[in-house]
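**Student:** The structure under discussion is supplied below as structure tokens; questions concerning it will follow.
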Protein chains: 2
Amino acid sequence: MTDIYTLAARAKAASVKLGLYDTETKNRGLEAIACALEQRMDEILAANEKDISAAVESGTRAALIDRLTLTAQRVAAIANSVRDVIKLPDPVGEILEDFTRPNGIRIRKVRVPLGVVGIIYEARPNVTVDSAVLCFKSGNVAFLRGGKEAFNSNMTLMGIMRDALEGAGLEPDCLLLLDDTSRKTAQEMMCLRGYIDVLIPRGGPGLIRSVVENAKVPVIETGTGNCHLYVDAGADIDMAVNILFNGKCSRPSVCNALETVLVHRDAAEKFLPAAKAKLDEMKVQWRGEEKARAIVDMFEATEDDFADEFGDYILAARVVDSIDEAIAHIAKYTTHHSECIVTSDAAAAERFTGEIDAAAVYVNASTRFTDGGEFGLGAEIGISTQKTHARGPMGLKELTSYKYIVTGNGQIR
Amino acid sequence: MTDIYTLAARAKAASVKLGLYDTETKNRGLEAIACALEQRMDEILAANEKDISAAVESGTRAALIDRLTLTAQRVAAIANSVRDVIKLPDPVGEILEDFTRPNGIRIRKVRVPLGVVGIIYEARPNVTVDSAVLCFKSGNVAFLRGGKEAFNSNMTLMGIMRDALEGAGLEPDCLLLLDDTSRKTAQEMMCLRGYIDVLIPRGGPGLIRSVVENAKVPVIETGTGNCHLYVDAGADIDMAVNILFNGKCSRPSVCNALETVLVHRDAAEKFLPAAKAKLDEMKVQWRGEEKARAIVDMFEATEDDFADEFGDYILAARVVDSIDEAIAHIAKYTTHHSECIVTSDAAAAERFTGEIDAAAVYVNASTRFTDGGEFGLGAEIGISTQKTHARGPMGLKELTSYKYIVTGNGQIR
């Protein structure tokens, strides 16, 4: 196995070269990667088969095996997504500001790559390619550490991508994958100060929490979403039911799915029965507090039910006396991802969007739109739930920093 | 002493109110603070006198006592700096983007405060006011933890500012100072996840290192500056000497001061004797490697001399064979703050600004310009040396985040 510090030094060295590649050069590398993934599909599927066999043998549950599985169709889709990234504008080199001070010094604020982006992720092998190409396009070395379940798939995908770069005359060390998936390497990676400019965890709440609490390098916290829908008094009940159904049922495992519905007491008698009937189509299990249970039949909600991101066909429900109570409930349980109000009252909408502290605050639209593609960023490396650096969907621009270039003719202070 | 978790909860609650204050309201609070500092100057000076007596008794060195000392003139200057902040534009509420997607949802990206900004700082009591007002103007609760040397001064200044806010009908908990300066509170503060949105250390390298390594909340690393000047072959020798003298001698203790000079071998014979003669005026001690010492008489430089931020009238010097060697030296020792090339060669300037990884890269101008005031930001809370969130001088905008406000009429995905 390659020593992590050796890899880190190679990452740092490669980041200087990559930072100087122009857009055309980077796109040439990406096209080579897309072609290589298509041409060497058999190798990819064979490696993936090994991972799947091992997972089946160790009794892994079906949902996880599905995430792990690559098919010819999925690999083709991955190659196409690489070509989509080629089409995205290159953020590097953009002049953000350009001004001259009274003393004659000219200050330009120029967008530059972050440098080395570390990514710790779990079972899905497509993240290997996805992370690599978004980092590459934004001029960042991708320094990856995948999960052990996808080890063979990841190593093969990374080998193919590195070969493709080398074949295109580019630096293969722009893409690096740790070949040791032990817990120790994750810990070491979190402490690579001076080598890793930012670390992004992509995976479940346990992984994210571990990285955020242990890292000594800057981290961008992503992905945990305990998202709420508040149905205001006087809300359009059909609209509210549709938004709830879409938020809860279209893809319950994702971070922008709804987990809790709060409804104003004046709307509860109409809304709850209608919502229950609609969500019964997908056999959603409801867990409510007393006032909600008085209106429709559901399980009793515990404190944990309001705090948890179910990621499943389960919904917590509560009747509130006022928008104040709704805002207070959300303030207590939010993970600052996406929160929604359905209302026909402009003042209520303004209060909600002003006071709710989340990356995306919705009025009369589904929280499922919190997504790089839906926001028009073209692609995303994750959804930030913190307030520093970037918030919400992170595309190529959010993978950059800037530097000030100051030119003069001898000015001193 | 007030429990830190009680204070943190008060900070969080106040941040909701403060986030909704309009510009006029915030400026009214700042004016009240400026007036109160002037009117209650006697209390401030009396409290500061206690701190100074204690410092003198415990044998504190003169430089530190000077930093700790407030005079009528200094307090007046602090009050004036509060009024300067009133004049700065309010960044909160700025619409950064406003677009409508094909499905009709309207997405607005709106600048919002970070929330609660934690600041851990050392002996200078003016930082108490300075941090408080910059946070307040940018809509952030300032949650401060000062050094024990300035305890009486800080408590008095904070009490006066809080009284002023209360007198103006505003929430005093927008400004909070820990009344326990033990090491334990600093540690606890670094772990206040869910309460502190960002933590900024303001002080020496030891403090900064401790915060960066131990914090579980997002941190912005500031201030350490091991800044280099590279004098290229064919550089204007007079310009290079002036920039070196200004960078080393105008204020050696600050982070944008120069610590090392690198000179191309073709310029060394002319540059080093001229620079030595000029810096002798301020009795600068030179520490050089062999080739530099062969040209002018100086101490022998150790590895540490190239790595250290002297913060004093000491300079490390090295003769290099090429710009490549200069860039490699800087890459090895830089703290990513400010780096400078003096050159008359446009290609060399371009290489240097392209390859050097620092917040500010200078061509033919003094590194001493890396400063919020000099960059035209009006004021600064620190100089970020990391690449996430903000880089270089941090003004009011750099103390903000953004949120997406998404409005629709029932759109689902």
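Each reported figure results from applying straightforward, stated rules to the coordinates on display, with no laboratory input. Keep in mind that what you see is a predicted model, and the values were worked out from it rather than measured. Because the Cβ atoms are built from the backbone with ideal geometry, glycine has one as well, and the counts that use them run over all protein chains shown.
**Student:** Any idea how far apart B:Glu97 and A:Ser81 come out in nm if each label point goes 7 Å out from Cα toward Cβ?
**Tutor:** 2.0 nm
**Student:** Roughly speaking, what is the stretch gain from B:Ala13 to B:Glu213, that is 0.36 nm per residue apart minus the C-alpha to C-alpha distance, in nm to one decimal? If you can, show how the numbers build up before the last one.
**Tutor:** Values: separation 200, 0.36 × 200 = 72.00 nm, distance 2.81 nm.
Here the segment from B:Ala13 to B:Glu213 would lengthen by 69.2 nm.
**Student:** Given a cut-off of under 8 Å on Cα pairs at least six residues apart, what relative contact order in percent is computed for the stretch B:23-128? Before the final figure, lay out the partial values.
**Tutor:** On the way: 78 pairs, mean separation 28.6, N = 106.
Relative contact order, the stretch B:23-128: 27 percent.
**Student:** Here's another thing I want to ask about it. Please give the helix B:23-39 orientation as an angle from the longest Cα principal axis of chain B, in degrees from 0 to 90, rounded to the nearest 10.
**Tutor:** So the inclination is approximately 80 degrees.
**Student:** Determine, from the Cβ-Cβ distance of B:Asp312 and B:Ala277 and an R0 of 22 Å, the FRET efficiency 1/(1 + (r/R0)^6), rounded to the nearest 0.05. List each step's numbers first, then the result.
**Tutor:** On the way: r = 20 Å, r/R0 = 0.91.
Step by step, r from the Cβ atoms, then E = 0.65.
**Student:** If you take each beta carbon of peptide B:394-406 and count the beta carbons of other chains within 10 angstrom, what is the mean? Please list the in-between numbers first.
**Tutor:** Details: counts 0, 0, 0, 0, 1, 0, 1, 9, 5, 12, 13, 10, 16.
Per residue, the average neighbour count from other chains is 5.
**Student:** When each copy gets a label point 7 Å from Cα toward the beta-carbon at B:Tyr333, what are the spacings between them in nm, shortest first?
**Tutor:** 5.7
**Student:** Quick one: if you take sqrt(5λ) for each eigenvalue of the C-alpha gyration tensor of the stretch B:301-340, what semi-axes come out, biggest first, whole angstrom? List each step's numbers first, then the result.
**Tutor:** On the way: eigenvalues 61, 32, 17 Å².
Value: 17, 13, 9 Å, ordered largest first.
**Student:** Please report the relative contact order for the stretch B:227-369, taking Cα pairs under 8 Å with a sequence separation of at least 6, and give it as a percent rounded to a whole number.
**Tutor:** Working: 281 pairs, mean separation 47.0, N = 143.
Relative contact order, the stretch B:227-369: 33 percent.
**Student:** Against the empirical 2.2 N^0.38 Å scaling, what ratio does the C-alpha Rg of the stretch A:210-285 come to? Don't skip to the answer; put the middle values down first.
**Tutor:** Numbers: Rg = 16.2 Å, N = 76, 2.2 N^0.38 = 11.4 Å.
That works out to 1.42 for the stretch A:210-285.
**Student:** If r is the Cβ-Cβ distance from A:Ala328 to A:Arg251 and R0 is 41 Å, what FRET efficiency results, to the nearest 0.05? Walk me through the numbers before you get to the answer.
**Tutor:** Numbers: r = 29 Å, r/R0 = 0.70.
In this case the efficiency is close to 0.90.
**Student:** What whole-number value in cubic angstrom gives the convex hull volume per residue for the C-alpha atoms of the stretch A:51-174? Let's see the in-between values first.
**Tutor:** Details: hull volume 16.2 nm³, N = 124.
That works out to 131 Å³ per residue.
**Student:** Same structure again: Can you give me the angle between helix B:41-57 and the longest principal axis of chain B, using Cα atoms only, in degrees from 0 to 90, rounded to the nearest 10?
**Tutor:** 50 degrees
**Student:** Could you give the distance between the Cα centres of the stretch B:53-114 and the stretch B:258-336, to the whole Å?
**Tutor:** Taking the Cα centre of the stretch B:258-336 as reference, the centre of the stretch B:53-114 is 36 Å away.
**Student:** Could you tell me which of rounded, prolate or oblate describes chain A, using a ≥ b ≥ c as the square roots of the eigenvalues of the alpha-carbon gyration tensor, with rounded for a/c under 1.5 and, failing that, prolate when a/b is larger than b/c and oblate otherwise?
**Tutor:** Working: a/c = 2.26, a/b = 1.43, b/c = 1.58.
Oblate, because a/c is 1.5 or more while a/b does not exceed b/c.
**Student:** Right, something else. Considering the zone a paramagnetic label at B:Asp180 would reach in this model (a point 7 Å from Cα along the Cα-to-Cβ line), which residues of the stretch B:198-215 have amide N under 19 Å from it?
**Tutor:** B:215
**Student:** I'd like the distance between the alpha-carbon centres of the stretch A:193-234 and the stretch B:138-208, rounded to an integer number of Å.
**Tutor:** Cα centroid of the stretch A:193-234 versus Cα centroid of the stretch B:138-208: 26 Å apart.
**Student:** Oh, and also: Going toward the positive end of the dipole of the protein assembly as shown, with +1 on Lys and Arg Cβ and -1 on Asp and Glu Cβ, which of B:Gly169, A:Asn154, B:Ala9 do you reach last?
**Tutor:** The Cα lying farthest towards the positive end belongs to B:Gly169.
**Student:** When Lys and Arg each count +1 and Asp and Glu each count -1, what net charge do the other residues less than 12 Å away from B:Pro273, Cβ to Cβ, add up to?
**Tutor:** Values: positive: B:Lys270, B:Lys276, B:Lys278; negative: B:Glu269, B:Asp280, B:Asp297.
Every neighbour counted, the sum reads 0.
**Student:** In addition: Helix B:323-333 sits at what angle to the longest principal axis of chain B, using alpha carbons and giving 0 to 90 degrees rounded to 10?
**Tutor:** The two axes meet at around 40 degrees.
**Student:** Charges only on Cβ, +1 for Lys and Arg, -1 for Asp and Glu: so what's the dipole of the stretch A:227-369 about the Cα centre, in debye to the nearest 20?
**Tutor:** Values: 14 positive and 26 negative charges, 91 e Å.
Roughly 440 debye for the stretch A:227-369.
**Student:** Further question on the same structure: Compute the FRET efficiency between B:Glu350 and B:Leu20 as 1/(1 + (r/R0)^6), taking r as their Cβ-Cβ distance and R0 = 35 Å, and round to the nearest 0.05. All intermediate terms of the calculation are to be shown ahead of the outcome.
**Tutor:** Working: r = 47 Å, r/R0 = 1.35.
The calculated FRET efficiency here is 0.15.
**Student:** Per residue, how big is the convex hull of the protein assembly as shown when only Cα atoms are used? Give it in Å³. Intermediate results must be reported in sequence, preceding the final value.
**Tutor:** Details: hull volume 137.8 nm³, N = 826.
Taking only Cα atoms, the protein assembly as shown has a hull volume of 167 Å³ per residue.
**Student:** Next up: 222 nm [θ] for chain A, helices only, -39500 (n - 2.57) per DSSP H run of 4+, per residue, to 500? Walk me through the numbers before you get to the answer.
**Tutor:** Working: 15 runs with 179 residues, N = 413.
Per the formula, -13500 deg cm²/dmol.
**Student:** Need one number: convex hull volume per residue for the stretch B:289-413, Cα atoms only, in Å³.
**Tutor:** Values: hull volume 23.7 nm³, N = 125.
It is 190 Å³ per residue.
**Student:** Under the definition of Cα pairs under 8 Å and six or more residues apart, what whole-number percent is the relative contact order of chain A? Don't jump to the answer; show the numbers that get you there.
**Tutor:** Numbers: 840 pairs, mean separation 72.6, N = 413.
After rounding, I find 18 percent.
**Student:** Direction-averaged shadow area of the convex hull around the Cα atoms of the stretch A:227-369, nm²?
**Tutor:** Values: hull surface 27.5 nm².
Its average projected convex-hull area is 6.9 nm².
**Student:** Shortest first, in nm, what separates the label point of B:Asp321 from those of the same position in the other copies (7 Å along Cα→Cβ)?
**Tutor:** In nanometres, ordered from closest: 8.1.
**Student:** Could you tell me which residue in chain B puts its beta carbon nearest the axis mapping B onto A, with the distance rounded to whole Å?
**Tutor:** Nearest-to-axis residue on chain B, with distance in whole Å, is B:His389, 2.
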